[in-house]
Each structure stands twice: as structure tokens, then as C-alpha cells.
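What follows is a single structure, written as C-alpha cells, with notes after it.
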Amino acid sequence: MRAAAGDVVGILCLVSVAAALDFKYHHTEELEAYLKSVHAAYPSLTHLHSIGRSVEGRDLWVLVLGRFPTHHKIGIPEFKYVANMHGDETVGREILLHLIEFLVTSYRRDPVITRLLNTTRIHVMPTMNPDGFEATKVPDCYYTQGRYNKNGEDLNRNFPDAFENNNASIQPETQAVMNWIKNETFVLSANLHGGALVASYTFDNGNSVTSTLKGYSRSPDDDVFIHLAKTYSFNHASMYKGTGCDNRQTFPEGITNGYSWYQLEGGMQDYNYVWGQCFEITLELSCCKYPPADQLEKFWRDNKAALIEYIKQVHLGVKGQVTDKNGTPIPNAIVEAKGRPHVCPYRTNKHGEYFLLLLPGTYVINATVPGFKSILETVEIPDNTGNFSALKHDFSFSQVSIQSTAGSCPKTPLYQELERASSAAAKPTLHVFGLMTIMLVIFK
């Protein structure tokens, strides 16, 4: 049977895009050309834009994939992958290009990928530090100057810190990502690194309020973060074995709390979680930071299933809208699960939407709007990741009560206030734990 003209064009697009991406390192011009070719071939499935520029003026490209790529659609969660924020850690940069190729060429051919793209808006930034990558001239397994941006700054120490004043001079690349996070409703994210083989999760920093005797800095959603890290590790070809990169370093089940591994200030994953309302983990994908290009195909095979399964976790938990009695969305309402409040309260977006990543179970969800009586409702949350949709649960405010205070995000650093409060409560064990934690970090 004769193929329609549109079908022929579609087939040619598939062939041209697939043929364009080799397993090699793609420098700035090639990376830009590839992203533009994908968008040209799939204009209804992709949206290509720059969120800013590097110190040397290179675009920070993001390719958005999904059924509604150009804008947020109510009920559809936003997901992102970011790679190469350390310019000399290169594997993530390349496997994200291959992930893009896999997603666009599988759409309407693979039912799982088709449902994933129909129900999720996926943002992919292959490189956050293009200047650093270009400064790293040849493959090298160890640290090089390319780790930093052109101003010599480590971008993963450059975000505002929730625990202390890190006095970072915010770099253009960092500011671009901060603005990006502010302007989207990201729910889940991962940033891709190299130099180890492990999935690391929040918190990366801590104090006596969050840390324990064993130097572990626990977030209110620690159970969810452990699940997210294990999702990636257990779907990776070998990360779950926890063998690390040498005999001195092991990670049980291929995961670690960031602070328990080593403390850092100004990290991107903590910033996402505290101020962006976005759960992010850090994926260390290769023992060698910048391995030879002939190893890239194996890295793609090792990570392919994990990359897809991790995206599906954006559909964990519960989502919905907060409206008034007329059905008008209420922005800036606080919606959180009882027993796990965030220091910077999680709020609805301009559409009155909220997204809470929660493991299956029974929860009391508290919705608070100034001028109204808070609504507390019990919900039974199933595992809906296989259905590509979190449980939908809306809140409607109709009865005005005594003026209540929704509260606001405290000034930075947030956790210093909690530490002062715990000190006033005279809990000496917390101080002992905090001091022991500091000693552990110093002597690691």
C-alpha cells in the first residue's frame, strides 16, 4: 500500500535524527545543531529554548518534550534532567542527548514512552556549564579546571544555602537555573555528575536539627528520597551493587544521603527541594569523570532503563487544585502532608495546583488559605506511577473563618532559625549529635 506523504516525511525525520547522533562527545556547535534538528523534526512534541547564557555567552539550552511542550498544562507534572554542571563530568551530557533521541523516536511506537510523554512535561538540559566543558580539552578521569565555570566558580556550591550564609557570588549559569525553577512548577528532578557510582539525596548540608549521630542529614521527606534514589540505582545495570569505585568506598544498595557522604554548602539539590518545591537527587554515573568516547554506548545502555523509571516517579503521591466556592483557583495556598511540613511551605502555583510526592499510604493533607479555616482531609494514596498519574484530590474553600496566617518562607538560612528554637528548648542531646556530626565530617 502506498504511504501517505506525511508518513514518508515522518519516516525520513526518524531516520535523519537517529543517524545524526553518534556515540561521541558533542561540542557546543554540534550539541546546538542536534537539538535544533530534533525540534525541527518533531515540532509538535518538542520545544527548544535557552534559559540564559554562560559567562562566555554560550546558550544554556533546554529541550522540552511532551504532548504540550510549549506550556504548562493543568494536571501534568513538570520533570527535569540537568547534566554537566561540572564541565569535566561529561557522561551525563551525552546520555541525555541519547535519551532525547530515544524518547522522540519511540513516541507513538512504544506504548510506555507514548503514555509517559502524554502525561509528563520533560525538560532536558544537557549542559549547565558549556564553558567548563569546552575548557576540558581531552578525556581525563580526575579533576580539571573544566569543573568550574569561566569565573572559576563551582556551580554546585553556588546556590543559596538553607543552613548557613555561604556568601556565594551567584553566577550567570546559577541565576539562570534559579529563574527557571521559579518560573516552572517542577515536581521531580535529577542532576547528572561523574566521579563515583551512586544516587545521592537531600540533605547535602545540615545542623543539629537535621543531623544524627551517624552524620546523616534527614529531610522531612526522607522516605521518598530513599525510594527515588533506589528507583534509579535498582534500575541501573550495576549501581545497585554498591561497590563504588574502589575498595575504600562502598554505598549499600547504590545510594547515600548527601551529608552522610560528605558535607557541601550551596548545592543544587537542596536548593530545588527547599525553595523550588522540587525533589531532586544527584546521580553520579561514572567512576571516570571524562571517559574515552568509546565507552559512551555502554554508559547509555547501563542508564537507559533507570532514566525512564526515574521519570515515572513524578507521578507518585497526590496532586490537585485549591479553589474557592466558585471554582476559581487559589494561588499561594499552602498544601502539605501533616507531620512533614517544609521549612519553606509548599504552595499552589498560579493555577491553584499542588503536587506532593508521597509513598503509598494514608495521609492527612492540610490546605491553608489566609482568611479561611484550614481544611484537613485524609487520603489513601496508592502507587499510581504505573498509571502515569498521581492521585487527584482537590480542595474547595467556602466558609470564611477567623483570619488565619498562612505564613511565609523564612529568610535564609532557614534552618538556623530551627536550630535556635531547639537550643531554646534545652535539648542537649541535639547539640551533642551536632558536634559529633561535625567531627565526623572533618575527619572523613
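Read-outs: derived from the displayed coordinates by stated rules, not from any lab. The model shown is predicted, which means the values in this text are computed figures rather than measured ones. Cβ coordinates were reconstructed from backbone atoms using ideal geometry, including for glycine residues, and neighbour counts include every protein chain displayed.
Classify segment 9-315 as rounded, prolate or oblate, taking a ≥ b ≥ c as the square roots of the eigenvalues of its Cα gyration tensor: rounded when a/c is under 1.5, otherwise prolate if a/b is larger than b/c and oblate if not. Verdict is rounded for segment 9-315. Residue-wise HN-Hα couplings along segment 388-394, as the Karplus relation 6.51 cos²θ - 1.76 cosθ + 1.60 with θ = phi - 60° gives them from phi, are 6, 6, 5, 4, 9, 9, 9 Hz; Gly and Pro carry x. How big is D for segment 107-231, in µm² s⁻¹ as a whole number, if Stokes-Einstein is applied with the Kirkwood radius of its Cα pairs at 25 °C and 0.890 mPa s? Once the numbers are plugged in, D ends up at 139 µm²/s.
Looking only at the chain, where both bridge partners belong to it, what percent of the DSSP beta bridges are antiparallel (to the nearest 5)? Beta bridges within the chain, antiparallel portion: roughly 60 percent.
Working from label points 7 Å from Cα in the Cα-to-Cβ sense, the Asp223 to His71 distance is 3.9 nm.
Using R₀ = 30 Å, calculate the FRET efficiency as 1/(1 + (r/R₀)^6) where r is the Cβ-Cβ separation of Ser169 and Glu417; round to 0.05. Could you put the intermediate results ahead of the total?
On the way: r = 24 Å, r/R0 = 0.81.
Calculated transfer efficiency: 0.75.
For the pair Ala40 and Arg248, label points projected 7 Å from Cα toward Cβ lie 5.0 nm apart. Expressed as a whole percent, the proportion of Cα-Cα pairs in segment 318-397 lying more than 14 Å apart is 59%. Given R₀ = 51 Å, FRET efficiency for Asp140-Asn326 by Cβ-Cβ distance, to 0.05? That gives a FRET efficiency of 0.25. Of all the options Thr174, Thr323, Thr127, the one that moves most in a Gaussian network model of the chain with Cα springs shorter than 10 angstrom is Thr323. Working note: Karplus 6.51/-1.76/1.60 with θ = phi - 60° gives segment 32-39 the couplings 4, 4, 5, 4, 5, 5, 5, 5 Hz, where Gly and Pro are set to x.
Can you pull out the chymotrypsin sites (Phe, Trp or Tyr not before Pro) in segment 75-165 whose DSSP state is coil and whose Cβ has at most 10 other Cβ atoms within 10 Å? Don't skip to the answer; put the middle values down first.
Details: sites: Phe79, Tyr81, Phe102, Tyr107, Phe133, Tyr142, Tyr143, Tyr148, Phe163; in loops: Tyr107, Tyr142, Tyr143, Tyr148, Phe163.
Answer in residue order: Tyr142.
Pairs of Cα atoms in segment 46-159 fall into 10 Å distance bins, from 0 up to the last occupied one, in shares of 14, 40, 28, 16, 2 percent. If the segment from Ser106 to Asn183 were pulled out straight at 0.36 nm per residue, it would be longer than the present Cα-Cα gap by 24.8 nm. A simple spin-label model places pseudo-atoms 7 Å from Cα toward Cβ; at Glu30 and Cys287 they are separated by 2.6 nm. Extension gain, Arg340 to Leu376: 0.36 nm times the residue separation minus the Cα-Cα distance gives 11.6 nm. What the phi angles of segment 220-230 give under the Karplus curve with 6.51, -1.76 and 1.60, with θ = phi - 60°, is a coupling list of x, 10, 4, 5, 5, 5, 4, 4, 4, 4, 5 Hz, glycine and proline written as x. For segment 253-404, the equivalent ellipsoid derived from the Cα gyration tensor has semi-axes of 37, 18, 13 Å, listed largest first.
When the chain is modelled as a GNM with alpha-carbon springs shorter than 10 Å, which of Ser208, Ser106, Ser398 fluctuates the most? Between Ser208, Ser106, Ser398, it is Ser398 that shows the largest mean-square fluctuation.
Given the pairs Lys230/Lys298; Lys24/Lys230; Lys80/Lys304; Lys24/Lys150; Lys182/Lys392, which are separated by over 18 angstrom at their Cα positions?
Values: Lys230/Lys298 21 Å; Lys24/Lys230 29 Å; Lys80/Lys304 16 Å; Lys24/Lys150 24 Å; Lys182/Lys392 24 Å.
Violating the 18 Å limit, Cα to Cα: Lys230/Lys298; Lys24/Lys230; Lys24/Lys150; Lys182/Lys392.
Normalised by the number of residues in the chain, the average gap of Cα pairs under 8 Å and 6 or more apart makes the relative contact order 16 percent. Evaluated at q = 0.17 Å⁻¹, a Debye calculation over the C-alpha positions of segment 175-274 (equal weights, vacuum) places log10 I(q)/I(0) at -0.81. Only the Cβ atoms of Lys and Arg (+1) and of Asp and Glu (-1) were treated as charged; on that basis the dipole of the chain about its Cα centre amounts to roughly 860 debye.
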